[in-house]
(Lines give C-alpha, C1' and ligand atoms only; values in the text may rest on other atoms or scores of the structure.)
Protein backbone atom coordinates (compact mmCIF):
# COMPACT_ATOMS: atom_id res chain seq x y z
CA UNK A 1 0.00 0.00 0.00
CA UNK A 2 2.83 2.41 0.91
CA UNK A 3 4.60 1.57 -2.35
CA UNK A 4 1.41 2.45 -4.31
CA UNK A 5 1.07 5.80 -2.50
CA UNK A 6 4.74 6.58 -3.14
CA UNK A 7 4.34 5.78 -6.86
CA UNK A 8 1.22 7.97 -7.12
CA UNK A 9 2.94 10.85 -5.30
CA UNK A 10 6.01 10.70 -7.56
CA UNK A 11 3.85 10.51 -10.69
CA UNK A 12 1.74 13.51 -9.62
CA UNK A 13 4.83 15.57 -8.71
CA UNK A 14 6.65 14.84 -11.98
CA UNK A 15 3.47 15.48 -13.98
CA UNK A 16 2.89 18.87 -12.34
CA UNK A 17 6.51 19.87 -12.91
CA UNK A 18 6.34 18.97 -16.58
CA UNK A 19 3.05 20.75 -17.20
CA UNK A 20 4.21 23.95 -15.49
CA UNK A 21 7.52 24.16 -17.38
CA UNK A 22 7.49 27.31 -19.55
CA UNK A 23 9.01 25.54 -22.57
CA UNK A 24 6.01 23.19 -22.81
CA UNK A 25 3.59 26.13 -23.21
CA UNK A 26 5.18 28.08 -26.05
CA UNK A 27 2.96 30.69 -27.66
CA UNK A 28 3.73 31.51 -31.26
CA UNK A 29 3.63 35.16 -32.35
CA UNK A 30 0.71 36.21 -34.56
CA UNK A 31 1.09 35.54 -38.27
CA UNK A 32 2.03 38.39 -40.57
CA UNK A 33 -1.09 40.22 -41.79
CA UNK A 34 -2.04 39.22 -45.34
CA UNK A 35 -1.60 41.90 -48.01
CA UNK A 36 -4.98 41.05 -49.46
CA UNK A 37 -7.68 38.76 -48.08
CA UNK A 38 -9.86 37.03 -50.68
CA UNK A 39 -12.85 34.72 -50.41
CA UNK A 40 -11.74 31.53 -52.14
CA UNK A 41 -14.90 29.45 -51.63
CA UNK A 42 -18.49 30.40 -50.85
CA UNK A 43 -20.15 31.92 -49.02
CA UNK A 44 -22.79 29.23 -48.89
CA UNK A 45 -25.46 27.77 -46.67
CA UNK A 46 -24.05 24.87 -44.66
CA UNK A 47 -27.22 23.89 -42.84
CA UNK A 48 -30.60 25.38 -41.92
CA UNK A 49 -33.02 23.98 -39.32
CA UNK A 50 -35.72 25.27 -36.96
CA UNK A 51 -33.30 26.69 -34.42
CA UNK A 52 -30.06 27.20 -36.33
CA UNK A 53 -28.63 28.30 -39.68
CA UNK A 54 -24.91 28.20 -40.49
CA UNK A 55 -23.21 30.14 -43.29
CA UNK A 56 -19.66 29.14 -44.23
CA UNK A 57 -16.92 30.46 -46.47
CA UNK A 58 -13.18 30.09 -46.99
CA UNK A 59 -10.54 32.81 -47.33
CA UNK A 60 -6.79 32.84 -47.57
CA UNK A 61 -5.36 33.17 -44.05
CA UNK A 62 -5.86 36.83 -43.03
CA UNK A 63 -3.05 36.75 -40.45
CA UNK A 64 -2.78 39.37 -37.74
CA UNK A 65 -4.37 38.62 -34.38
CA UNK A 66 -4.98 34.97 -33.53
CA UNK A 67 -8.70 35.50 -32.92
CA UNK A 68 -10.90 36.66 -35.78
CA UNK A 69 -14.65 36.85 -36.28
CA UNK A 70 -16.71 35.71 -39.21
CA UNK A 71 -19.49 38.27 -39.67
CA UNK A 72 -22.78 37.87 -41.53
CA UNK A 73 -24.91 40.95 -42.23
CA UNK A 74 -28.42 39.81 -43.15
CA UNK A 75 -32.07 40.73 -43.52
CA UNK A 76 -35.22 39.96 -45.52
CA UNK A 77 -34.54 42.87 -47.91
CA UNK A 78 -31.34 42.78 -50.01
CA UNK A 79 -30.98 46.54 -49.54
CA UNK A 80 -31.34 46.35 -45.74
CA UNK A 81 -28.84 43.92 -44.20
CA UNK A 82 -29.12 45.50 -40.77
CA UNK A 83 -29.01 42.30 -38.67
CA UNK A 84 -25.62 40.89 -37.71
CA UNK A 85 -24.33 37.50 -36.56
CA UNK A 86 -20.71 36.93 -35.51
CA UNK A 87 -18.78 33.80 -34.61
CA UNK A 88 -15.19 33.71 -33.33
CA UNK A 89 -12.47 31.59 -34.87
CA UNK A 90 -8.90 30.99 -33.79
CA UNK A 91 -6.53 31.19 -36.75
CA UNK A 92 -4.01 28.45 -37.31
CA UNK A 93 -0.94 28.22 -39.51
CA UNK A 94 -2.81 26.86 -42.55
CA UNK A 95 -2.86 28.82 -45.82
CA UNK A 96 -6.67 29.06 -45.72
CA UNK A 97 -9.30 29.77 -43.09
CA UNK A 98 -12.86 28.43 -42.95
CA UNK A 99 -15.33 30.76 -41.30
CA UNK A 100 -18.64 29.36 -39.97
CA UNK A 101 -21.22 31.74 -38.56
CA UNK A 102 -24.25 30.59 -36.55
CA UNK A 103 -27.51 32.46 -36.97
CA UNK A 104 -30.45 31.85 -34.64
CA UNK A 105 -34.00 33.16 -34.31
CA UNK A 106 -34.79 33.18 -38.04
CA UNK A 107 -38.38 32.85 -39.24
CA UNK A 108 -39.42 29.63 -41.04
CA UNK A 109 -40.10 29.66 -44.80
CA UNK A 110 -38.47 33.08 -45.13
CA UNK A 111 -35.92 34.26 -47.68
CA UNK A 112 -32.92 36.01 -46.14
CA UNK A 113 -30.27 38.00 -47.98
CA UNK A 114 -26.76 38.16 -46.59
CA UNK A 115 -23.21 39.41 -47.09
CA UNK A 116 -20.15 38.04 -45.26
CA UNK A 117 -16.98 39.66 -44.02
CA UNK A 118 -14.36 39.00 -41.36
CA UNK A 119 -12.50 41.04 -38.79
CA UNK A 120 -9.77 40.84 -36.18
CA UNK A 121 -10.66 40.61 -32.50
CA UNK A 122 -10.13 44.38 -32.18
CA UNK A 123 -12.91 45.01 -34.76
CA UNK A 124 -10.57 45.94 -37.61
CA UNK A 125 -11.91 44.60 -40.92
CA UNK A 126 -9.89 42.07 -42.91
CA UNK A 127 -10.87 44.10 -45.99
CA UNK A 128 -12.97 41.38 -47.63
CA UNK A 129 -16.69 41.51 -48.36
CA UNK A 130 -18.84 39.13 -50.41
CA UNK A 131 -21.59 39.95 -52.81
CA UNK A 132 -25.16 39.66 -51.54
CA UNK A 133 -26.42 36.06 -51.49
CA UNK A 134 -29.69 34.51 -50.33
CA UNK A 135 -31.20 31.41 -48.75
CA UNK A 136 -34.68 30.37 -47.64
CA UNK A 137 -35.23 28.86 -44.21
CA UNK A 138 -37.03 25.50 -44.05
CA UNK A 139 -40.51 24.78 -42.75
CA UNK A 140 -40.73 23.76 -39.07
CA UNK A 141 -39.30 20.27 -38.57
CA UNK A 142 -37.44 20.29 -41.91
CA UNK A 143 -33.70 20.56 -42.49
CA UNK A 144 -31.74 21.93 -45.44
CA UNK A 145 -28.16 20.74 -45.89
CA UNK A 146 -26.23 22.88 -48.34
CA UNK A 147 -22.71 21.71 -47.51
CA UNK A 148 -21.26 19.33 -48.31
CA UNK A 149 -22.91 19.49 -51.68
CA UNK A 150 -22.37 15.80 -52.40
CA UNK A 151 -25.51 13.65 -52.31
CA UNK A 152 -26.11 11.83 -49.05
CA UNK A 153 -26.14 8.04 -49.57
CA UNK A 154 -29.42 6.27 -48.86
CA UNK A 155 -29.45 3.49 -46.28
CA UNK A 156 -29.85 0.02 -47.79
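Restricting to segment 35-65, name every residue that is in a loop (DSSP other than H, G, I, E, B) and either exposed (fewer than 13 other Cβ atoms within 10 Å of the Cβ) or in contact (Cβ under 8 Å) with a residue 40 or more places away in the chain (or both). Those that are in a loop (DSSP other than H, G, I, E, B) and either exposed (fewer than 13 other Cβ atoms within 10 Å of the Cβ) or in contact (Cβ under 8 Å) with a residue 40 or more places away in the chain (or both): 35, 36, 37, 38, 49, 50, 51, 52, 62, 65. Residue count for segment 115-138 satisfying the condition of being in contact (Cβ under 8 Å) with a residue 12 or more places away in the chain, in a strand (DSSP E or B) and under 26 Å from residue 66 (Cα atoms): 10.
Of all the listed residues (106, 91), the sole one being in contact with a strand residue (DSSP E or B) (Cβ under 8 Å, 6 or more places away or on another chain) and either modelled with pLDDT of 95 or more or surrounded by 18 or more Cβ atoms within 10 Å (Cβ to Cβ) (or both) is 106.
If we keep just the residues of segment 66-77 that are closer than 13 Å to residue 97 by Cβ and surrounded by fewer than 19 Cβ atoms within 10 Å (Cβ to Cβ), which is farthest from the chain's Cα centre (by Cα)?
Within segment 66-77, the match that is farthest from the chain's Cα centre (by Cα) is 66.
The values are calculated or read from the model by the stated rules, or taken from the named source; none is laboratory data. Quick caveat, the model's predicted, so the values are computed rather than measured. In this analysis, Cβ positions are derived from the backbone assuming ideal geometry, glycine residues included, and neighbour counts consider all displayed protein chains.
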